[in-house]
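> Input: one structure, supplied below.
Read-outs: derived from the displayed coordinates by stated rules, not from any lab. Only a predicted model underlies this, so the values are computations on that prediction, with no experimental measurement involved. Note that each Cβ is placed from the backbone with ideal geometry, even for glycine, and that neighbours are counted across all protein chains shown.
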Amino acid sequence: MSQNHKVIIFTRKPDAYETDHKKLEYVEWSSDSITSLIDKAEGIDVFINLAGESINNGRWTDKQKERIIQTRLQVTDTLTKLFSELYDRPKLFINASAVGYYGTSANKTFTEKDISKSDDFLATTVQQWENHASKAEKLGIRTVYARFGIVLDKNDGAFPRMALPYKLFVGGKVGSGKQWLSWIHIKDVVNLIDFIIHHEDINGSVNFTTPHPLKMNEFGKTIGEVLGRPHYLPAPSFALKMILGEMSTLVLDGQKVLPNKATKAGFKFEFPTLKETLMDIYRSSK
């Protein structure tokens, strides 16, 4: 909005938000009928799809896994169907994705050039998600698959849970501590989306990760350093597997993912290192 764009947010609960900003509008979303969406969607330049059940909401039961998959595919299918009905179609469609696409590895380094060979739950979910989003490409719309790493934000997402043990003075090594963690500051997420919007040569998969991923043990040590807390109490793999079940892969396994497409296109990260990121997160909260 600072660039004088009008922002329309499609949400199932538009009445839950109040705004008197002339450039911001909340519109009720319905996956059941696109008829009610066409008038508002006509002529929108950029669509950004971030919808989907959180992968952090409880154990991955069969029912929860199905919900994680279907909420992503249903919204994406509704959007591509909507695009096909529009006279004035968007110029760009950015669809959320995840580094889970690549599968996990202790020693490989992944870039956008790598094709997933993994058949684990997260990888197959992302593969389906991107496949459904690719229908937009067939409509002649520039399409970007934003493969997010762990997005670091003080109040939302996974980071508050990761930082909590340190605030309680019980932080320490998680699992082996050797698993890679590919992350990005929430502000760099916004910056990179803006960068993609203004660079029409960027399409396909884009890794939303810092150029400086860390192994989990170093990640934890840095949290402790910034918060002035010890890093000493380990969380054993077997205990996390008992507590979290299959979802334990989110903290026990990892992948080293680099944002080659963004950096080669000239994007500059505002917060490339974890210490810079955490200093900003906690400074801005004061």
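> From the residues Val226, Ile186, Pro236, which one has its Cα farthest along the dipole of the stretch 167-247 in the positive direction, the dipole being from +1 and -1 charges on Cβ of Lys/Arg and Asp/Glu about the Cα centre?
Farthest towards the positive pole: Pro236.
> Further, regarding this structure: Could you please report the charge total around Lys221, scoring K, R as +1 and D, E as -1 over all other residues with beta-carbon less than 11 angstrom from its beta-carbon?
+2
> Dipole magnitude of the stretch 31-284 about its Cα centre, charges +1 at Lys/Arg Cβ and -1 at Asp/Glu Cβ only, in debye to the nearest 20? Spell out each step's value before the answer.
Values: 32 positive and 29 negative charges, 196 e Å.
Taking the Cα centre of the stretch 31-284 as origin, the dipole is about 940 debye.
> In whole Å, what three semi-axes, largest first, describe the equivalent ellipsoid of the chain built from its Cα gyration tensor (square root of 5 times each eigenvalue)?
33, 21, 19
> How high is the relative contact order of the stretch 31-284, given as a whole-number percent (alpha carbon pairs under 8 Å, six or more residues apart)?
Rounded, it is 22 percent for the stretch 31-284.
> Would you calculate, for the chain, the mean residue ellipticity at 222 nm contributed by helices, counting each DSSP H stretch of 4 or more residues as -39,500 (n - 2.57) and dividing by all residues, to the nearest 500?
-11500 deg cm²/dmol
> Can you list residues from other chains, or at least 5 along the same chain, whose modelled amide H is less than 5 Å from the amide H of Phe10?
Those qualifying (amide H under 5 Å, at least 5 residues apart or on another chain) are Val27.
> Further question: GNM on the chain, C-alpha springs below 10 Å: top fluctuator among Ser33, Ser105, Ser176?
The residue that fluctuates most here is Ser33.
> Would you order Val190, Val27, Val75 from fewest to most other beta-carbon atoms within 10 Å of each residue's own beta-carbon?
Val190, Val27, Val75
> Non-local amide H neighbours of Ala235 (under 5 Å, H modeled in plane, Pro and chain starts lacking H): which ones?
Sorted by chain and number, the residues that satisfy this are Lys173, Val174, Gly175.
> Of Gln127, Gln64, Gln255, which has the largest mean-square fluctuation in a 10 Å C-alpha GNM of the chain?
Largest GNM mean-square fluctuation: Gln64.
> Continuing with this model, one more query. Just from the alpha-carbon atoms, what are the Rg and Dmax of the stretch 44-180 in angstroms?
Answer for the stretch 44-180, Rg first and Dmax second: 17.3, 58 Å.
> Follow-up. Looking at the stretch 146-244, which GluC sites (Glu not before Pro) are DSSP coil and have at most 15 other C-beta atoms within 10 Å of their C-beta?
Qualifying residues, ordered by number: Glu200.
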